[in-house]
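These notes are about the structure you will find just below.
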Amino acid sequence: MNSLIRFTDIQLVLLATAAQRDNGSLLPPPEAVGEGPARIRKVVEQLIRRGLAGEVDLPSGADAWRTDGLRSIGVIITDAGRAAIGVEPEEAEEPATDLPEPEVTPIAEAPSPAAHSKSALVLKMLRRESGATLDELISATNWLPHTTRAALTGLRKKGHAIDRRKRGEVTCYHLGNQA
C-alpha cells in the first residue's frame, strides 16, 4: 500500500532527513533542498495534512516552525511518515526511563486531516455567532490575505453560503445555517 503514495523530491528529502534525526524534526531543511522558505512551508503543510508529519511543542530557544502566543511549535515526522518512506517507526514499547529525554514533546498523535484542517477551522470560525473578520482568519490559519480570500471563495464554490456583515467598521464573514 505504501507504494501507492507519491512524493515530490522535496517531500522525500524532508521526510528522509527527519527520519535520520534523533528528534525527528523536518526543520531546518538540508542545504541540498535549495528551495525558498515559502516553498518549504507549503511542502511541510502538505505533509502535516497527509498525517506524515505532526506539530510538537518545542523548548524555548529552539527553531520553531510556527509560534502560537508564547509557544514555539516544531514539526516532526510521524510513524505514518516513517512507514510511507519505508523506515521502521520508532519503538514505543521500551519504558520511557531507558530513553534519553526527547528534544520535542508531541502535542498529540497525527491529527485527522479532515477534522483538523485549516478549512475546517475557517468553517468553525465562520459558524460563530459573531462570525470572523479577515484578520481573525489570517491569524488563525497563518495564511496570507489573498490565500484567505481564495479559501472563502473555494468554500462558496463548494456550496457554503458565506455572508458579509459589518462589525463596527470591520467586515465580518458569517456562515449561515444552510452550510
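Take the Cβ atoms of ALA140 and GLU88, set R0 to 30 Å, and the FRET efficiency comes out at 0.25.
Taking R0 as 22 Å, what's the FRET efficiency between ARG167 and LEU123 from their Cβ-Cβ distance, rounded to 0.05? Walk me through the intermediate numbers first.
On the way: r = 19 Å, r/R0 = 0.84.
In this case the efficiency is close to 0.75.
Out of every Cα-Cα pair that the range 118-175 contains, those further apart than 16 angstrom amount to 32 percent.
Bear in mind these aren't lab numbers, they're just calculated from the coordinates by the rules spelled out. All values derive from a computational prediction rather than experimental measurement. Because the Cβ atoms are built from the backbone with ideal geometry, glycine has one as well, and the counts that use them run over all protein chains shown.
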